[in-house]
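Notes to accompany the following structure.
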2 protein chains.
Amino acid sequence: MLTIFQRHIIQKTSRSSFPYSTMSSSTAKTSASSIETSFKPAPKLVASDLNPHALNAKYAVRGKIPTKAEQLRQELASKSHSLPFNKIINANIGNPQQLDQKPLTFYREILAILQYPELLKKDAASEIFPADIIDHSKTLLSHIGSLGAYSHSQGVAHVRKSVAEFISKRDGYEASADDIFLTAGASTAVSYLLGLLSLGPKTGFLIPIPQYPLYTATLALNNSTALPYYLNESDNWSVDSDELVKVIENAKAKGVSPRCLVLINPGNPTGAILKKEAIADLLTVAAKYGLVVIADEVYQENVYKGEFVSVKKVLKELQSLDKQGIYSNVQLASLHSTSKGISGECGQRGGYMELVNFDDSVRAQVMKLASISLCPPVSGQALVELMVNPPKKGDPSYELYIKERTFIFNSLKERSRLLYAAFNEMEGVSCQEPEGAMYCFPNIELSQKVYEAAEKVGMEPDEFYCSELLDNTGICAVPGSGFGQVDGTWHVRTTFLAPGTEWIGAWRDFHAKFVAKYNK
Amino acid sequence: MLTIFQRHIIQKTSRSSFPYSTMSSSTAKTSASSIETSFKPAPKLVASDLNPHALNAKYAVRGKIPTKAEQLRQELASKSHSLPFNKIINANIGNPQQLDQKPLTFYREILAILQYPELLKKDAASEIFPADIIDHSKTLLSHIGSLGAYSHSQGVAHVRKSVAEFISKRDGYEASADDIFLTAGASTAVSYLLGLLSLGPKTGFLIPIPQYPLYTATLALNNSTALPYYLNESDNWSVDSDELVKVIENAKAKGVSPRCLVLINPGNPTGAILKKEAIADLLTVAAKYGLVVIADEVYQENVYKGEFVSVKKVLKELQSLDKQGIYSNVQLASLHSTSKGISGECGQRGGYMELVNFDDSVRAQVMKLASISLCPPVSGQALVELMVNPPKKGDPSYELYIKERTFIFNSLKERSRLLYAAFNEMEGVSCQEPEGAMYCFPNIELSQKVYEAAEKVGMEPDEFYCSELLDNTGICAVPGSGFGQVDGTWHVRTTFLAPGTEWIGAWRDFHAKFVAKYNK
């Protein structure tokens, strides 16, 4: 018998009220009847007892300012609030359907049928759903089975095939379904890849600055080293290979071995689009230094100026011209998602990654990680299929689909213009022209007075600006310090998703008052 | 300018065919026009270059045998195959809707409306959907908004409130929506918790053996130490607190600090249900040693014999009687999922965890990890709501709901009986009576001849048995070595989800031949 279980808790309590009174007759070898009650209980854990790498991870998009916005939203719900605004404008996160954006009818009709295939048996089905929707749904059901069954951990084969066809068509170069892994948004892909490539603090990951903080957060979790390479703000956040090589050589000199290069194109938070030539340069650096390239291309549909060219396409072009074989070992993981683009289906958690040129043994490890998570949400997988395989000209659903897409695209583009113009009219603010994605990242001059006011409340100056903006207008934007910026410069990331233009006016008014108070 | 980019790739190729020929006139600071082509490309990564902790992780449920089953399934698709069976029986994974099980109509009707709320505006809506389905959907839509929007990272507040009410009712003790985190299945919860609690190899996690391999796989990823405590097979896989305390003291003597105790109840792969008294004992050990308790209770609806009592309920009972405060610091994370139970909606990735008695600073870290993943699939969150808030007596959907549930439950129970009986009739096989979950875990005697045959093909003896079973019958089951077992004993985990009884007969026949060949 146990020695630590000595006294009987039942003896300490009223027998009749004790729910375990039957226990004393239990035949179990040990039971509550032998519980010692004299020991001093061990203390509860507090944060400092936890994994220090997890503690180090920061994620500003849902950090302090958004948390405060949530509290203010609850305050607004009470009628007696005294806030100087009536709603929260969530400009902190690329979440289109939280705001104005309607889902595409084509997607949702099919997802409804997949959820409830019995709909097809109802008499009214052919009145409710266009014929191509019914056909498309039947095909998908035949491949997927039930949305409620785990799929293959790599994703439904039929969907992976469609993704490969989509990529082949987009780039003009073959893609294989075997190289496609369906994921829950792009975040899962980042987690698998950075997790596998991390060997501790001596492993370096080249991360653009400013960056989407998922990257630094995931590296912190994996106790690996982020090697920031700064984008050139004055040249619309272009990448400078000089800078990249310097960062690599500096890291190596310090004993950190660079093994991965992250590109975000179109850029988050910058809204900039990489030129083909710049991508070619980056791939050359990757080839020379053996860097696995992660191309975060989730905004590939959000292009308002210029052209999106995939890293895969540039790699294939280089390889096709490359008689010396210098590009033959470049390993590329390209990520896409149903959360952004025109779909904006963030909550559905659909996405994929293409692993180009990876060794089979490495791919098997990615597969194992995917297996441990069982499978990505199957409805999200279906959505990936719909994203890459939309209605074709002549299909009954085609016109509405195009109309809805065009409306969404034009709204995004127009709002990006308005916001861009507004920032450049504000005193001490300069903003690069957003070419893609869903964000502006204006540079905001902040004075010594702001520094002091921020320090008093324990904030960074840009955090202070965002906090004041929120308190005065209800607009929730994220300080640039959450994404990284050149020391001494200050930025704010805002989406251009919020409907209407009133909030832009409110920001303008706030800024004028802020400048009057702090910058004069 | 860069010094490493010296030569011009264009000079090496035909100018006219080169897609980058326009680049030479590019104004970009660096461009492909300055790419050096003389360097030796760095080699590709192979598995041994990857994170050794990730390499160490094993996940048998989708391991070698299931992978082989997938290949055989493809072979079956070709008409000229010469396999001695016509289909693969996937008994390797608790995936009910891959097999016979139909989704509950109540769930799917509402999920269809949530995906496509326009359905409610169609004239036919009231003919297709019962009134309570329409009402329930409208309520959910008013709280969730679009399934395509990221929700709060902790999950939709309304759903968390429903979960808290469900728990309060189940246990007779208050639960709070603030303590509920919605998750993508239960796996995400395990990943967050083990990740946060891991401080490297000196941190120990008490894991029941046999276990669901998600636990050891996640610990391997986190480079922490699994402290196996063996369940007592001869007493239907009961937990012995003696054993637990021994494991703890041994670990401490070796410098490993135990910080977490994992319970799986009902058991996977054992199918056993923990008694209240046993849970009380385990909680006492947790109180004394300061172990965070993770209660994996995803099979709480799958109870065929005896009664499921939640760890939360036992903890609350103990606390209510506990005048010395010995249970006051016990921290409990209880996990549930829409994947198992009667729902069986694995592919929808819904789940929740309740964090009982955690310090706010720890909960904030869980919240941060949830934020980094943005949010669980919103349709999965809706499904959690439906699981905990089903039709009530008198609702139009009630009768069908009960009928479907009863059918599923009875089928599971009946198949568990049949399989249990079949195993106990097989020579050299003994099987504990499955009380819950979806699995049998029979003990199979294997002879020296099997050991030798297995060694020849580089397999464990139980893996060899499963491999032969698969090759001869198409039944895919998982070797006990993937779950852990007492040295020298051999087991197989099989679900009892596959429809029909033919496959059970095929297994019986196979086993007789296997015994004749190897055990005589």
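For the reader, a short list of remarks on this structure follows.
- Answer residue from segment A:341-354, given it is over 16 Å from B:PRO377 (Cβ atoms) and in contact with a Leu (Cβ under 9 Å, 6 or more places away or on another chain) and is nearest to the other protein chains (Cβ to nearest Cβ) among those: A:ILE342
- If you filter segment B:121-141 down to residues that are out of contact with any Asp or Glu (no Cβ under 7 Å at 6 or more places or on another chain), at pLDDT below 95 and of a type outside the set (S, T, N, Q), you find that the one that is surrounded by the fewest Cβ atoms within 10 Å (Cβ to Cβ) is B:LYS121.
- Residue, surrounded by the fewest Cβ atoms within 10 Å (Cβ to Cβ), within segment A:371-382, restricted to residues that are within 9 Å of another protein chain (Cβ to nearest Cβ) and outside any loop (DSSP other than H, G, I, E, B): A:SER371
- Residues that are under 18 Å from B:GLN331 (Cα atoms) and either in contact with a His (Cβ under 7 Å, 6 or more places away or on another chain) or more than 10 Å from chain A (Cβ to nearest Cβ) (or both) within segment B:187-225 comprise B:ALA189, B:LEU193, B:GLY204, B:PHE205, B:LEU206, B:ILE207, listed in sequence order.
- The requirement of being more than 7 Å from every other protein chain (Cβ to nearest Cβ), surrounded by fewer than 24 Cβ atoms within 10 Å (Cβ to Cβ) and touching a Gly at 6+ places or on another chain (Cβ under 6 Å) is satisfied by B:VAL303.
- Residue in segment B:395-409 that is assigned to a helix (DSSP H, G or I) and under 21 Å from the mean Cα position of the chain (by Cα) present: yes
- Scanning segment B:118-161 for residues that are in a helix (DSSP H, G or I) and within 8 Å of chain A (Cβ to nearest Cβ) returns B:GLU118, B:LEU119, B:GLU127, B:ILE128.
- Output for segment B:302-321, where each listed residue is farther than 12 Å from B:ASP171 by Cβ, touching a residue at least 40 places away in the same chain (Cβ under 8 Å) and in contact with a helix residue (DSSP H, G or I) (Cβ under 8 Å, 6 or more places away or on another chain): B:ASN302, B:TYR304
- Evaluation of B:LEU400 against (1) touching a residue at least 40 places away in the same chain (Cβ under 8 Å); (2) within 14 Å of chain A (Cβ to nearest Cβ); (3) buried (at least 21 other Cβ atoms within 10 Å of the Cβ); (4) not acidic (Asp, Glu) (one fails), failing number: (3)
- Meets criteria (surrounded by 20 or more Cβ atoms within 10 Å (Cβ to Cβ), at pLDDT 95 or above and touching a Phe, Trp or Tyr at 6+ places or on another chain (Cβ under 9 Å)) for B:LEU193: no
- Within segment A:184-215, the set of residues being among the small types (Gly, Ala, Ser) and over 16 Å from the mean Cα position of the chain (by Cα) comprises A:GLY195, A:SER198, A:GLY200, A:GLY204.
For (1) crowded, with 18+ Cβ neighbours inside 10 Å; (2) in the same structural domain as B:PRO96 (by TED's automatic domain parsing), each residue gets a yes or a no:
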site	(1), (2)
B:PRO391	yes, no
B:ARG405	no, no
B:ALA437	yes, yes
B:ASN443	yes, yes
B:GLN448	no, yes
B:GLU452	no, yes
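- Failed condition for B:SER198, given (1) buried (at least 23 other Cβ atoms within 10 Å of the Cβ); (2) in contact (Cβ under 8 Å) with a residue 40 or more places away in the chain: (2)
- Per-region count, segment B:66-92, residues surrounded by 20 or more Cβ atoms within 10 Å (Cβ to Cβ) and either within 12 Å of another protein chain (Cβ to nearest Cβ) or modelled with pLDDT under 90 (or both): 4
- Pairs are defined by a Cβ separation below 8 Å, a sequence spacing of at least 6 or placement on different chains, a first member in segment A:95-108 that is touching a residue at least 40 places away in the same chain (Cβ under 8 Å), and a second member that is of a type in the set (A, V, I, L, M) and surrounded by fewer than 18 Cβ atoms within 10 Å (Cβ to Cβ); the pairs so defined are A:THR105/A:LEU400; A:PHE106/A:LEU400.
- Hey, B:GLU243 modelled with pLDDT of 95 or more, surrounded by fewer than 24 Cβ atoms within 10 Å (Cβ to Cβ) and within 13 Å of chain A (Cβ to nearest Cβ) or not: no
- Number of residues in segment A:355-370 that are within 21 Å of A:ARG170 (Cβ to Cβ) and either of a type in the set (A, V, I, L, M) or away from chain B (no Cβ under 13 Å) (or both) equals 2.
- In segment A:356-388, the qualifying residues are those that are out of contact with any Phe, Trp or Tyr (no Cβ under 7 Å at 6 or more places or on another chain) and among the hydrophobic types (A, V, I, L, M, F, W, C), and the one that is nearest to B:GLY350 (Cα to Cα) is A:VAL378.
- Identity of the residue in segment B:102-117, part of a loop (DSSP other than H, G, I, E, B) and touching a helix residue (DSSP H, G or I) at 6+ places or on another chain (Cβ under 6 Å), that ends up nearest to B:LYS392 (Cα to Cα): B:LEU104
- If you go through segment B:439-459 and pick out every residue that is farther than 21 Å from B:PHE423 by Cβ and of a type in the set (Ser, Thr, Tyr), you end up with 1.
- Set side by side, the residues B:PRO391, B:PRO442 differ, and just one is closer than 30 Å to B:ILE134 by Cβ and either among the aliphatic types (A, V, I, L, M) or at pLDDT 95 or above (or both), which is B:PRO391.
- Filtered by the rule that a residue be under 24 Å from A:GLY148 (Cα atoms) and part of a helix (DSSP H, G or I), segment B:168-191 gives B:SER187, B:THR188, B:ALA189, B:VAL190, B:SER191.
The rows are residues; the columns are (1) assigned to a loop (DSSP other than H, G, I, E, B); (2) not charged (D, E, K, R).
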residue	(1), (2)
A:PRO269	yes, yes
A:LYS288	no, no
A:GLU301	yes, no
A:LYS305	yes, no
A:VAL314	no, yes
A:GLU317	no, no
A:TYR327	yes, yes
A:VAL330	yes, yes
A:LYS340	yes, no
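- Qualifying positions in segment A:290-299 - touching a residue at least 60 places away in the same chain (Cβ under 8 Å), in a loop (DSSP other than H, G, I, E, B) and away from chain B (no Cβ under 13 Å): A:TYR299
- Scanning segment A:247-271 for residues that are closer than 30 Å to A:PRO442 by Cα, within 13 Å of another protein chain (Cβ to nearest Cβ) and within 23 Å of the chain's Cα centre (by Cα) yields A:CYS260, A:LEU261.
- Given (1) at negative phi; (2) within 11 Å of chain A (Cβ to nearest Cβ); (3) touching a residue at least 40 places away in the same chain (Cβ under 8 Å); (4) within 26 Å of the chain's Cα centre (by Cα), index of the condition B:PHE181 fails: (2)
The values are calculated or read from the model by the stated rules, or taken from the named source; none is laboratory data. Small disclaimer: the values here were computed from a predicted structure and weren't measured. All Cβ positions, even for glycine, are placed from backbone atoms using ideal geometry, and neighbour counts span all protein chains on display.
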